[in-house]
Amino acid sequence: MVLYELFCITRPAVNATRTSAPVSAISVARNCGKTILDSKGVVVDIESMGLKELAKPIKKLNSKHNFGYWWTMSFYSSPTVQQELQRILRLEPTVLRYSLLKKSDKLNHLG
Amino acid sequence: MFTRKFFSSIENNSRHVLQTVSFQRNRPFCTGISLQAPNTQNSSVRKNAGFQRRSDSFIPPFLVPNVTEGQVYSPSDLKFETVEARNQGNFFNPKRHDCFKAANRSPLEFWKNPVVLSNFITELGRIKPRADTGLSAKNQRLVSRAIRRARAVGVLPTKHKSVYAEREK
């Protein structure tokens, strides 16, 4: 089991404010979490960093976004799940940017 | 009135600053001396009270001798010439203050944090060299890696500082 961290920027809803619930981020996180749990992984932490102005306007599927919802998810899983996760993240229209990082192998974590 | 010109350098930068300072003869040499008796309640709590610098009593660097508390010193340590010689030696080997070492943290933890990373990029968004940041070699490499990672994900802009960066007033 390897500790990974997924950092994702999802597009906000049309009338989204700083405090409104991020519907698309929740659905993406739920999909990813289901994939991880189905393959006997463990989701450690889901942290939301809120609605933030993007570094530059991001264009996806003929629409430009200036604001995005940043969130992070740390989880333990096997390396074979990463392919599935990346497929999900690439096919989702609401995901603007994502980054999967390996935080540590189990042995490093213990030591 | 007594004036003295002094050629001093700002830490981590190789800029020359010509400093003209005047001080009056009747001002005490060392300000903020603790006048409490040794056996009072608070005498042991603030041990360095006599050497704490407060905002209203700024002592220019050419007046601060290289003498620490409890150290034996000679009259020649208090001369202008010795202080100036030591300060001019510091011009060539400036003390590197690594902020990540002081905080005991790795720079890679801050790759999602555009506020922190913007301190290490110029106004045009380029990564500052080690002479400007004052970091150790390892931390400079990790900061560069964090900045490149943040740029790739869209956390940090490429051509300017982040909107969330700290601004100078």
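The values are calculated or read from the model by the stated rules, or taken from the named source; none is laboratory data. Since we're looking at a predicted model, the values are computed, not measured. When we count neighbours, we look across all protein chains shown, and the Cβ atoms used for this are built from the backbone with ideal geometry, even at glycine.
Can you find, within segment B:153-169, the residue that is nearest to the other protein chains (Cβ to nearest Cβ) among those that are out of contact with any strand residue (DSSP E or B) (no Cβ under 8 Å at 6 or more places or on another chain) and over 19 Å from A:Arg97 (Cβ atoms)?
B:Ala165
Residue-by-condition table, conditions (1) within 14 Å of chain B (Cβ to nearest Cβ); (2) loosely packed, with under 11 Cβ neighbours inside 10 Å; (3) closer than 19 Å to A:Arg87 by Cβ:
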position: A:Lys34; (1), (2), (3): no, no, yes
position: A:Asp38; (1), (2), (3): no, yes, yes
position: A:Asp45; (1), (2), (3): yes, yes, no
position: A:Gly68; (1), (2), (3): yes, no, no
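Find the helices (runs of 4 or more DSSP H) located wholly in segment A:18-111 whose residues include 2 or more that are free of Cβ contacts under 8 Å to residues at least 60 places away in the same chain, farther than 18 Å from B:Phe110 by Cα and in contact with a strand residue (DSSP E or B) (Cβ under 7 Å, 6 or more places away or on another chain), and list them.
A:23-38
Does B:Leu117 satisfy the criteria of being closer than 20 Å to A:Leu101 by Cα, within 22 Å of the chain's Cα centre (by Cα) and without any contact (Cβ under 8 Å) to a residue 60 or more places away in the chain?
It is true that B:Leu117 is closer than 20 Å to A:Leu101 by Cα, within 22 Å of the chain's Cα centre (by Cα) and without any contact (Cβ under 8 Å) to a residue 60 or more places away in the chain.
Here are some conditions: (1) modelled with pLDDT under 90; (2) surrounded by 15 or more Cβ atoms within 10 Å (Cβ to Cβ); (3) more than 17 Å from A:Val95 (Cβ to Cβ); (4) of a type outside the set (Gly, Ala, Ser). A:Thr19 meets all but one. Which one does it not meet?
(2)
Give the residue that is farthest from A:Lys56 (Cα to Cα), with candidates limited to residues of segment B:114-126 that are surrounded by 17 or more Cβ atoms within 10 Å (Cβ to Cβ) and either in contact with a Ser or Thr (Cβ under 8 Å, 6 or more places away or on another chain) or away from every other protein chain (no Cβ under 14 Å) (or both).
Within segment B:114-126, the match that is farthest from A:Lys56 (Cα to Cα) is B:Phe120.
Return a yes/no flag: does segment A:77-93 have any residue that is within 12 Å of chain B (Cβ to nearest Cβ), among the basic types (Lys, Arg) and within 20 Å of B:Val155 (Cβ to Cβ).
For segment A:77-93, residues within 12 Å of chain B (Cβ to nearest Cβ), among the basic types (Lys, Arg) and within 20 Å of B:Val155 (Cβ to Cβ): absent.
Condition (residue is within 14 Å of another protein chain (Cβ to nearest Cβ), more than 23 Å from A:Gly68 (Cα to Cα) and either out of contact with any helix residue (DSSP H, G or I) (no Cβ under 6 Å at 6 or more places or on another chain) or not acidic (Asp, Glu) (or both)) applied to segment B:143-152: is it met by at least one residue?
Yes; the residues of segment B:143-152 include at least one that is within 14 Å of another protein chain (Cβ to nearest Cβ), more than 23 Å from A:Gly68 (Cα to Cα) and either out of contact with any helix residue (DSSP H, G or I) (no Cβ under 6 Å at 6 or more places or on another chain) or not acidic (Asp, Glu) (or both).
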